[in-house]
Amino acid sequence: MITVDHDSPLLEVRGVTKSFAGVAALQGVDFSIVPGEVHCVLGQNGAGKSTLIKVLSGVHTPDAGELIWQGESVTIADPTAALDLGIATMYQELDVVDGLSIAENIFLGHELSAGGLTRVHEANKLTRALLKRLGHPDLSPSREVGSLSPANKQIVSMARALSRDIKLIVMDEPSAVLDSEEVKNLFRVVRELTREGIAVVYISHRLAEIREIGDRITVIKDGRTTASGLPVGDTPTAKLITLMTGREVENVFPAASPIAASAEEILRVENLSVRGVFQPVSFEVRAGEIFGIAGLVGSGRSEILETIYGALRPTAGQVFVRGTAIRTGSVPAAVARGIGLSPEERKSQGLILEQPIYRNVTLSSFARFARSIFLNEKLERSTARTQLEALELRPANPDRPVGMLSGGNQQKVMLARWLVHGTDVLLLDEPTRGVDVGARAEIYSLIRQLSAAGTAIVVVSSEIEEVLGLADRVLVLADGDTLDIVNASEINESGVLDLVMKGNAE
């Protein structure tokens, strides 16, 4: 944690408002940030954080209010003006160009050229220096960005920002696609930047990250600042949740009910493997049990769920539902036997964003709504509405395009789909990615309610705390190898990481 001079702000945001078609996105936002500070901005989905980011980056011009940059009132008319001031933005959806090299991405828009020709050698030299500064000297400037992992694409985005004379970096959910080791490297880079006097606006739903990296916190609710400049170390989590949601959330993870010894085995996985991805894995899940899978990105945890669901064909092994083997490598066969999957990338793999909510809810149950060759849309709508109201989706308008919903509400649509279909086994991959803390508590409660009703649930998450908070038992993976299956109540996050590190070292 650094010592900052709060009397000399780099940027002040005063009473900023912004509306779209008469709908207010920002209704009075105030905060300030000083050089060398990590200032965290918190708020639920829909609170106005994305609009604020676009105001700071020059995408949107505020309707009212003022931006004070180094003591002077400024107008940031477009992203180029923001960069000229020294403000760079790293968006959650990384804005790199896959078909270009790392160096070409870094200098995109401010190419190094002479006589109309790009100075490739100089660009590569400067790129190497930037990558070394960011702790990645192994990356080649000529490597195509499309071949990089999400974590390395983020490094390229950060290097692009640092290729200019930057004084402030706005980071929108920078850890959303990172595992715990990659987050550590991100934090190392952020600390080095702040030691150089660069300020960071850090936006994240993960309160544990805020505790680790932040200096001060500003909270936004319904487009308004509810608190600004709160010291990270002196502000209880319960207070932050109340400021974000307007209500008290006592326990983020609902208490689990004991699994009866006589509970029926719903799912059994026997020696399931995919060559080159994960080694033979075996486990069973009983009615009402939540089974967690923990491991780093690339450990094979998501692929295990995809293989159970039939999206990947196993090299060997078998999946049983209620004691009966299902045809592996077939999604229709898995769905027909009551297996449902909420995928890691729900926007690209689970939802049809331009389609209405009701159609996304009924997507796996068309036979139920078929009338000859037509679908009974009235029945689809009423069925979806009933389920969405039970899940407290806000607003529960089934005709609204699902792409307009927040991350938390999109996850509720995924749950509604499988509830309408009727699911014995629910596979949840990153169930709260991109979901704010208030909605997380609601989703955790829904998951617990589903398990209490007898559903067998398997949860995968990059956040070990989430796996341990939800699961009854946890399978720990490293490089596709099962290390152990433990009771969640008998291990903590450090214990899981110790197992993973030992497994990776062997």
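Of the helices (runs of 4 or more DSSP H) lying entirely inside segment 178-267, the ones with 3 or more residues being buried (at least 17 other Cβ atoms within 10 Å of the Cβ) and over 18 Å from the mean Cα position of the chain (by Cα) are found at 180-195, 237-245. Among the residues of segment 454-479, those identified as among the hydrophobic types (A, V, I, L, M, F, W, C) and modelled with pLDDT under 90 are I464, A478.
Within segment 126-142, the residues that satisfy the criterion of being out of contact with any Leu (no Cβ under 6 Å at 6 or more places or on another chain), surrounded by 15 or more Cβ atoms within 10 Å (Cβ to Cβ) and either touching a residue at least 24 places away in the same chain (Cβ under 8 Å) or not in a helix (DSSP H, G or I) (or both) are L126, T127, R133, L134, H136, P141. Residues considered: V335, V319. Of these, the only one that is part of a strand (DSSP E or B) and not hydroxyl-bearing (S, T, Y) is V319.
Is it true that some residue in segment 297-310 is assigned by TED's automatic domain parsing to the domain that holds L405, modelled with pLDDT under 90 and surrounded by fewer than 22 Cβ atoms within 10 Å (Cβ to Cβ)? Within segment 297-310 (the criterion being assigned by TED's automatic domain parsing to the domain that holds L405, modelled with pLDDT under 90 and surrounded by fewer than 22 Cβ atoms within 10 Å (Cβ to Cβ)), the answer is yes, since at least one residue qualifies. Taken over segment 407-427, the criterion of being of a type in the set (A, V, I, L, M) and within 15 Å of V331 (Cα to Cα) is satisfied by V425, L426, L427.
Residue pairs whose Cβ atoms lie under 7 Å apart, sitting 6 or more positions apart in sequence or on different chains, and linking a residue in segment 369-385 that is closer than 14 Å to H421 by Cα to a partner that is of a type in the set (S, T, N, Q) and surrounded by 14 or more Cβ atoms within 10 Å (Cβ to Cβ), are F369/T362; F369/N376; E380/T362; T383/T362; A384/T362.
A quick yes/no check of all residues on (1) among the aromatic types (F, W, Y); (2) under 25 Å from S451 (Cα atoms); (3) not assigned by TED's automatic domain parsing to the domain that holds T455:
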| residue | (1), (2), (3) |
| --- | --- |
| Y358 | yes, yes, no |
| S364 | no, yes, no |
| A367 | no, no, no |
| R381 | no, no, no |
| A384 | no, yes, no |
| L388 | no, yes, no |
| D399 | no, no, no |
| N409 | no, yes, no |
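Might you check whether a residue that is of a type in the set (S, T, Y) and more than 15 Å from the chain's Cα centre (by Cα) occurs anywhere in segment 393-412? No, that holds for no residue.
Exactly one residue out of A159, A123 is free of Cβ contacts under 8 Å to residues at least 60 places away in the same chain, within 17 Å of V201 (Cα to Cα) and surrounded by 14 or more Cβ atoms within 10 Å (Cβ to Cβ), and it is A159.
Residue count for segment 340-387 under the criterion of being touching a Phe, Trp or Tyr at 6+ places or on another chain (Cβ under 6 Å) and in a strand (DSSP E or B): the result is 3.
Quick one: would you say V170 is more than 24 Å from S494 (Cβ to Cβ), assigned by TED's automatic domain parsing to the domain that holds V120 and assigned to a strand (DSSP E or B)?
So V170 fits the description; yes.
From the list T80, T89, the one residue that fits, being closer than 30 Å to R143 by Cα, outside any helix (DSSP H, G or I) and hydroxyl-bearing (S, T, Y), is T89.
Taking the criterion of being at pLDDT below 90, over 18 Å from A129 (Cβ atoms) and not charged (D, E, K, R), the residues of segment 147-184 that qualify are L148, S149, P150, A151, Q154, P174, S175, A176, V177, L178, S180, V183.
The values are calculated or read from the model by the stated rules, or taken from the named source; none is laboratory data. Keep in mind that what you see is a predicted model, and the values were worked out from it rather than measured. So basically every Cβ, Gly included, is an ideal-geometry build from the backbone, and we count neighbours across all protein chains shown.
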